[in-house]
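**Q** One structure, pasted below without further comment.
The values are calculated or read from the model by the stated rules, or taken from the named source; none is laboratory data. Here the structure is a predicted model, which is why all the values come from computation and not from measurement. Because the Cβ atoms are built from the backbone with ideal geometry, glycine has one as well, and the counts that use them run over all protein chains shown. When the accessible area is computed, the model is the full protein with side chains, heavy atoms only, and any ligands, DNA or RNA have been set aside. Shrake-Rupley method; radii C 1.70, N 1.55, O 1.52, S 1.80 Å.
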Amino acid sequence: MEIAQDRRLEEAVRERVLAEQERDAARAELSRWDDVNRVSYRQSIRQYLRVVRAENDMQPAVRTSARLLRFKLRNLEFAASHGIGVPDVYRVWPDLTSMELNDLPDRFVLKADGGDSATAVLPLQRIGADSYQLVGQERVFTTAELRLRLAQRSARAQPPFFAEELLVGTDGRAIPNDLKCYMFYGHVGHVLVRRVGRHGVPSTNRLKFVDEHGQEFGRVAEGRRHSRILELPHAWSDTIEAARHLSRAVGLPFCRVDLYETTRGIVLGEITRAPSGGNERFVEHHDEMLGRRWVGAQARLEIDLASGRPAGALFGPHADLHLYPELEGAHPAGSATRAMVDCATWCGEHTSQ
């Protein structure tokens, strides 16, 4: 009888301790978000997405820089205007029915202008008449099957569709190492160095997070496979400078600039406004560090706007690509107004830094 009573008492004490621990943890979390001095990348990017969605709901006649950032062809035009290398674009089709692949090189990447990377990016190699193999995989498609694949993902693979150069890494790999630079209006938060094993198979990817000097942060991303053996590109300083330049020119407090080190130098992959849909998780101290970068970037951007910087993305003087040939005046990205500036004023180092 006494043993049973002791067990019940021990259980009651254990439950009370657990309840107090849960209460203390909840209070600490609430205190963190109530503290005006605490910042968070995750909270910042989710608020950012709320604003973009509100803009989409309003359907304004003028598209903001954030809403235009989702269009891949426009990002290529933008990067080329600043003298950053971009892949050659072989063909652009306004819809899937007009997409024909016969006259393309044997190796190319098929993309949708608006869409998620894994969904709307297909690196392909021709292996026969109307027969295309996904690079790094055994899967083979016909043109009709590729059309169907993209059509089935219409919500995340939106026209126009285009074929571009398949870049080759300096080590000869078909898929170069990916350098994903998390940029805060000219400042580096971190760079995700990633090696893709098999396209579209995340479990084969290896990655690490480094600062602007290439120093590793360690295991800062929750649920990600970290690897310390990945090497930095030889053109590391060029990579960082290209990312800084483009992030200032984009005119947003945050964007991710994806670059590749290829046989012909540093080349743009894409520019992303919300990596992983804003769902990435970093350990608390790293999340707070990135949050501080975000706040600082917002402040510097506001200072520049008050000092005369034109709002939105600023195009440079190096190239004047137009990759929406039959869609000019109809597609929102193809017909969007371009503000062109001398990069020395707003895209380089300046007073608000």
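**Q** Output the peptides 252-258, 55-61, 292-298 sorted from most to least packed, where packing is the average of other Cβ atoms within 10 Å over each peptide's residues.
**A** Averaged packing, sorted descending, gives the order 252-258, 292-298, 55-61.
**Q** Looking at (i) 20.8; (ii) 23.6; (iii) 27.0, which value of mean projected area of the Cα convex hull in nm² comes from a calculation on the structure shown?
**A** Calculated mean projected area of the Cα convex hull in nm²: the matching label is (ii).
**Q** Can I ask one more? Roughly how many Å² is the accessible area per residue of the chain, as a whole number, for a 1.4 Å probe?
**A** 50 Å²
**Q** Tell me, how many Å apart are the Cα centres for the stretch 154-175 and for the stretch 81-151?
**A** 7 Å
**Q** Please turn the phi angles of the stretch 267-275 into ³J(HN,Hα) values with the Karplus equation 6.51 cos²θ - 1.76 cosθ + 1.60 (θ = phi - 60°), one per residue in order, whole Hz, x for glycine and proline.
**A** For the stretch 267-275, the Karplus curve yields 10, 6, x, 6, 10, 10, 8, 8, x Hz.
**Q** Something else about it: Counting only helical runs of four or more DSSP H residues, what would the 222 nm mean residue ellipticity of the chain come to if each run contributes -39,500 (n - 2.57) and the total is spread over all its residues?
**A** One gets -11000 deg cm²/dmol as the mean residue ellipticity at 222 nm.
**Q** Continuing with the same structure: Quick check: convex hull over the Cα atoms of the stretch 77-156, volume per residue in Å³, rounded to an integer?
**A** Spread over its residues, the Cα hull of the stretch 77-156 gives 111 Å³ apiece.
**Q** Please compute, over every Cα-Cα pair in the stretch 208-353, the percentage with a separation greater than 18 angstrom.
**A** 67 percent
**Q** Of all accessible surface on the stretch 77-232 at a 1.4 Å probe, what whole percent is carbon and sulfur?
**A** 46 percent
**Q** Compare the Cα positions of Gly214, Trp93, Leu259 along the charge dipole of the chain (+1 at Cβ of Lys, Arg; -1 at Cβ of Asp, Glu; about the Cα centre) and return the one farthest towards the positive end.
**A** Value: Trp93.
**Q** Continuing with the same structure: How do the peptides 237-245, 91-99 rank, highest first, by the average count of neighbouring beta carbon atoms within 10 Å per residue?
**A** Ranking the peptides 237-245, 91-99 by packing returns 237-245, 91-99.
**Q** Okay, moving on. Between Rg and the Kirkwood Rh of the stretch 30-140, both from Cα atoms, what is the Rg to Rh ratio?
**A** Rg/Rh: 1.12.
**Q** Could you sort 309-315, 207-213, 142-148 so that the peptide with the highest average Cβ count within 10 Å comes first and the rest follow in order?
**A** 309-315, 207-213, 142-148
**Q** Let me check against my output: what whole-number percent is the relative contact order of the stretch 97-242, with C-alpha pairs under 8 Å and at least 6 apart?
**A** 16 percent
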